[in-house]
Amino acid sequence: MLIDLFLLVFGFVLLIKGADYFVDGASSLAMRMCIPPIIIGLTVVAMGTSAPEAAVSISSALHGSNAIAIGNVLGSNIMNVFFILGVTAMISALSVQKNTVRYEIPFVALITLLLCWMGAGFGVISRAGACVLLGLFALFLVYLYIISRGTSCEIDCAKNLSKTRITLYIVLGLVALVLGSNLTVESACSIARYIGVSERVIGLTIVAIGTSLPELVTSVIAARKGESDIAIGNIVGSNIFNILFVLGVAGVILPIPFNQAFLFDGAIAILAVIMLWIFTFRKKQLTKIPGAIFVLVYLAYIVYLIIGK
């Protein structure tokens, strides 16, 4: 048990540091191409900070721990909105762009509903369903490309890492992510079996919280620096990436059985996105009071998971 706890913590350290290096390298690469901040937030930073979720969920699917794969994604998406955006908004009010409110936030709700529909209707994320998710992800990238063409570039490309350091950061980051994901999945499964807690709860809580730490750190730092586009884009983009790419790739590798208990968690994930849209629709801003409400709702959800199981 103690060894598994140590390996779990060590796995999280590798995931966080790996994501840190990966984000730095990938962001610098994007800056060298002079990509606008909102696009960096929705793509490079979002995908980089979601790399732990991708590594853990794909590794879980390969190990047959399907509950951790889906639980990690839904748990991370719930934490991203309720806890991370909540905490970030309490530190500094976040401005939200019109496109994000009109298109990207509703898109997150739509694909979360699609995931729940697949699970409720078929009881599995099949390879065909996974291909649908990946197809929607490709369309999302096309959408980002279209809006990026009309966005002016204001990035100081002189402050970038060298090409050698960019390559080194990306490679080291990916290696750490792979090793960390294997340690995290194996130790989390062992702990779940030891204490008699379901893999669903472990995936929704311990693993989801651990793999969401990069999003938390990135969003808080971005907010403190006044980079609301990166803070919001990081979370919205991460949630899209988690569902469409992470579960898409995992489902193509091996069909993922969908426990019907996840429908409740899917409903909470949809509620989180709806609340985010409601609070940002009029003023295009997420302020401290809604942020505090988000955090309280998340804590209530975690308590329910622990007490209810």
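The values are calculated or read from the model by the stated rules, or taken from the named source; none is laboratory data. Since the structure is predicted, the reported quantities are computational estimates derived from the model, not experimental observations. Here the Cβ is made from the backbone with ideal geometry for all residues, glycine too, and neighbour counts use every protein chain on show.
Small (Gly, Ala, Ser), crowded, with 19+ Cβ neighbours inside 10 Å and outside any strand (DSSP E or B), is that true of GLY135? When the stated conditions are applied, GLY135 does not pass them.
Applying a threshold of 6 Å to beta carbon distances and a minimum spacing of six or more residues, or different chains, the list of pairs starting in the stretch 234-261 at a residue that is surrounded by fewer than 24 Cβ atoms within 10 Å (Cβ to Cβ) and ending at one that is not aliphatic (A, V, I, L, M) and not in a helix (DSSP H, G or I) reads PRO255/SER126. Does ILE84 satisfy the condition of being at negative phi and either more than 14 Å from the chain's Cα centre (by Cα) or of a type outside the set (Val, Ile, Thr) (or both)? No: the conditions fail for ILE84.
Output yes when any residue across the stretch 44-65 is closer than 25 Å to TYR298 by Cα, crowded, with 24+ Cβ neighbours inside 10 Å, among the β-branched types (Val, Ile, Thr) and modelled with pLDDT of 75 or more, and no when none is. No: the stretch 44-65 contains no residue that is closer than 25 Å to TYR298 by Cα, crowded, with 24+ Cβ neighbours inside 10 Å, among the β-branched types (Val, Ile, Thr) and modelled with pLDDT of 75 or more. Applying the condition of being at pLDDT 70 or above and among the hydroxyl-bearing types (Ser, Thr, Tyr) to the stretch 173-222 and asking which residue is farthest from the chain's Cα centre (by Cα) yields TYR194. Restricting the first member to the stretch 282-309 and to residues that are over 30 Å from ILE195 (Cα atoms) and modelled with pLDDT of 85 or more, and the second to residues that are buried (at least 18 other Cβ atoms within 10 Å of the Cβ) and polar (S, T, N, Q), the beta-carbon pairs closer than 7 Å and six or more apart or on different chains are LEU286/THR280.
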